1. To the nearest Å, what is the center-to-center distance of segment A:328-406 and segment A:267-322, using C-alpha atoms only?
2. Extent of segment B:1-112 along each principal axis, from alpha carbon coordinates, in Å, largest to smallest?
3. Please state the shape class of chain C: rounded when a/c is under 1.5, otherwise prolate if a/b exceeds b/c and oblate if not, all from the C-alpha gyration tensor.
4. Rounded to the nearest Å, what's the spacing between the alpha carbon centres of segment C:2-52 and segment A:7-26? Just the number, please.
5. In a Gaussian network model over chain C where Cα atoms closer than 10 Å are linked, find which of C:15, C:39, C:73 has the largest mean-square fluctuation.
6. Quick one: work out Rg over Rh on the C-alpha atoms of segment A:415-477, Rh as Kirkwood radius.
7. Across the residues of B:287-295, average count of Cβ atoms on other protein chains within 10 Å?
8. Considering the Cα trace of segment A:192-342, what is its radius of gyration and what is Dmax, both in angstroms?
């Protein structure tokens, strides 16, 4: 039996604001527990929510970046349930009148090539606090610093057909939202969370199977793993004559398994109703248009433009634009005068390595452009330039020429010096000279190598060859 | 009088009024501290050492806030309600926290976990509710003004029963930040006063938009109205649905006298109709409990208040026992009704329907005010104060005590009760209703009536 | 319209309210009384779209994204029924792992 997998993803991203969704507490990470709290996010008697303008702005930008229709009027709703990390006993979210609906994300599926996933909706809501179950024996500890943090929830249509495809979608979704400046989208820091819904059905049929919900995945790779495991589990169930139950499962990264949550959750009757503490959110078309205009260039557009403007290969353009920081850096290096092809190679090489390690660009773009210029002029060799780059990355804002000189890497192009070394090499290798003159012209490479050795790498290889050529020929004429 | 002297005087009165059980928290130390604080303020503050009592669902840093409930026993708020900050900034002295129906749910103040409040004129009767404690203190002459809260009439109704002025502002006029929420789309901090002027001055002080409350309207605070010489030029509507044939004889007579007074003062009286007001009480008892069920979910024993854990010892047991034992019967009933009407399958039939009817009720008022009516006049309550225990058996009987005041709450309109006479010794109130943000006209007209009517006069 | 005990208990569970067996009968009676009373709204023709009636502002005013939290006169520790090392404590919940 061939099975088709149907996957939909719900992604929660933390909006990049200074303060919480409904009160003026900071949203910083890692403060001592229950210190970024106030009457509102503690759920104290008498407290009231007031929405954060920047959170709305960022959510709208995110919605526009995902091709959604932003609704001029949307309504905050109370989602009612009891849990220790939910101070009010309800979460302020949006229900039947969300901020945005009907978008789509284009991405490259590993199986199906270029494709689109529908975005059902994007809405804003507040985050819950954090629970720690193992800190005190027999107790659960509650920290409400995170309670009230602004989130955007992005729900995809169940258009994904494999775990790998789901992962590719997530990578692109994240890229778009980071480009748009909406969220840091870091799963490690908790600013991006994924819940997945998966069901199976016989290939070629259209009725949806019972879906399960998979949670607690802390990386895109683990999303893929978890979904593979869950797909296999469902297939095994059905093929053995049993049926899939609608359950919520937690992924365990250590064991690589999914397990149903122990607590049989009471029926999820959230009793949504419009929050009477919050009048409707009304946005004017003009304001929405302003947000659209304020959107930075998004990944697809940037990739296409760089490819065209700088004659980059499709592959190179894709690599460079994968991270917005990298793309900006590349553009700055080109703007500072470096030729695009060389700049691209540097960015995809040294720069990307440093960025992946440190998350930063220690060498200012203008300096890299200078360095690239030095290589083009022949002041340093490409090999030497890499060492200069490392040196520049260590300490702030040295100029490349001085750094190269200090490292003794400045190439020597002076004719006199080059001639001196060439003559020494030729004198030291009379047999090879003779063989060359007899016709073994490929010995040129040998001589160049020897000159480089004798000069301890300082000779400018481009200048060496003509001198050798001249010296070897002159002797022949004698 | 100085703050210090006021503190001593008010303390003595509070001590004497103890049998009423109108007060949940007061102390001479705190009164003296308030007195010293206002005496140190520069001269000319608008409420100059006025002692004001607060219903115990308005949070204060210095005194506990229990909302008349065991679930908040021992709770002391770490912040002050906005109305408290504004009163104090104007030189008022916070005198006491008053007794109330638990979480403001009730019409008699018999549903407090800390005992019922007694009517100042007849201890066998109720002062009304839910702001019965505040009403009783003002009626007993302990303080000239007090804050209460209204969701469905909880200040006007006790004002009428106790023979004092009770004013509910337009919804959105006064900040709810620090008013413990019951029915968020209905709740209004409201004012009791010995006189219309007392109430007007306090209302003016506490009103005005608040950045901490997104449901306040962007309008300047209400100003204390200029005195009117008479009611010439005023057209007062009398809605026929509010004068049923079986209306209490004393109430009926008092209202007739009031109408005659208005005409005598140059005002015109016209018969009007508010047909959907008949549905106000059932509409209210869907919307208010639904909102309350969500608003009271935060009382879970996790972060504050009195925690109780049952024998199972797990988190569910913490919730169910804290709430099951901490909430009184009426509160539990309303939470259950509210949860029921919002639950899957019932939302459309009840909550959604109630919102539709609410809009119809509000529309009735709008049409009438648009047709040349300046103010409406109705009885505040169908009867004078009833006896304790008379309505506690049947919850619906208690709900019907609010039949004349509830519609204005649903419509968000400003309304007040003015004492206009007595029937067999018990006070009777007349209700005046203004269009949205018409508090100034409302109070000005009431003041004219106040000048010319004797609230102590027997009507029959 | 008749609400049975099962339904009342289900609602009590949703609302996290413990109900004693001794209260069952009275509670069911009263719930029915109240719900049947409010159901008189069925008489009103329901043809309008139900936008929630807004007595206050028609649209929400937003707050600028600047730090401005209301300061607490007392820290959470002062109010909490159980508190240790900066955390509120409750009985351990199920077998959920640390998030």
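Where a number appears in this text, it was derived from the coordinates with a stated rule and is not lab data. Please read all numbers here as calculations on a predicted model, not as lab measurements. All Cβ positions, even for glycine, are placed from backbone atoms using ideal geometry, and neighbour counts span all protein chains on display.
1. 32
2. Dimensions of segment B:1-112 along the principal axes of its Cα atoms: 42, 30, 23 Å.
3. Oblate shape, in that a/c is at least 1.5 and b/c is the bigger or equal ratio.
4. What the calculation gives is 36 Å, centre to centre.
5. The residue with the greatest mean-square fluctuation here is C:73.
6. With Rh from the inverse mean 1/r over Cα pairs, Rg/Rh is 0.92.
7. 5
8. So, for segment A:192-342, Rg and Dmax equal 23.6, 67 Å respectively.
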